[in-house]
């Protein structure tokens, strides 16, 4: 199992890059439904996006784009690693 999948229960990591374009790496996981793997992957992705929402501490945000960086399928769980650049996170006006 890759380290990022083992650490999946931890909080969101924000990566500072040399271009000053902050990137958020976040892992999500879901139970495997062998009959519907697309649903399992979608559920894991949703789990990852919810972690990002929580990291913004109640601010209303919209995530406009994310990049699927990796997937890992274990015996009973599926894991996805998403990369989101900060410029793709927009604050919503109430």
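Throughout, read-outs are computed from the coordinates displayed, never taken from laboratory work. These numbers were taken from a predicted model, which means no experiment stands behind them. Cβ placement follows ideal geometry from the backbone for every residue including glycine, while neighbour counts extend to all protein chains displayed.
Enclosing the Cα atoms of region 3-91 in their convex hull gives a volume equal to 95 cubic angstrom per residue.
In the chain, helices alone account for a calculated mean residue ellipticity at 222 nm of -7500 deg cm²/dmol, with every DSSP H run of four or more residues adding -39,500 (n - 2.57). Look at the alpha carbon pairs under 8 Å that are at least 6 residues apart: their mean separation over the length of the chain gives a relative contact order of 33 percent.
What the Cβ-Cβ distance of residue 54 and residue 22 gives, at R0 = 25 Å and to the nearest 0.05, is a FRET efficiency of 0.90. Once the Cα-Cα distance is subtracted from the 0.36 nm per residue extended length, the residue 83 to residue 34 segment shows a gain of 15.1 nm. Packing order of peptides 65-73, 77-85, 26-34, highest average first: 77-85, 26-34, 65-73 (average count of other Cβ atoms within 10 Å over each peptide's residues).
A Förster radius of 41 Å, combined with the Cβ-Cβ distance separating residue 91 from residue 1, puts the computed FRET efficiency at roughly 0.70. Taking the 0 to 90 degree range and rounding to the nearest ten, how far is the long axis of helix 37-55 tilted relative to the main principal axis of the chain, both from C-alpha atoms? With rounding to tens, the tilt is 30 degrees.
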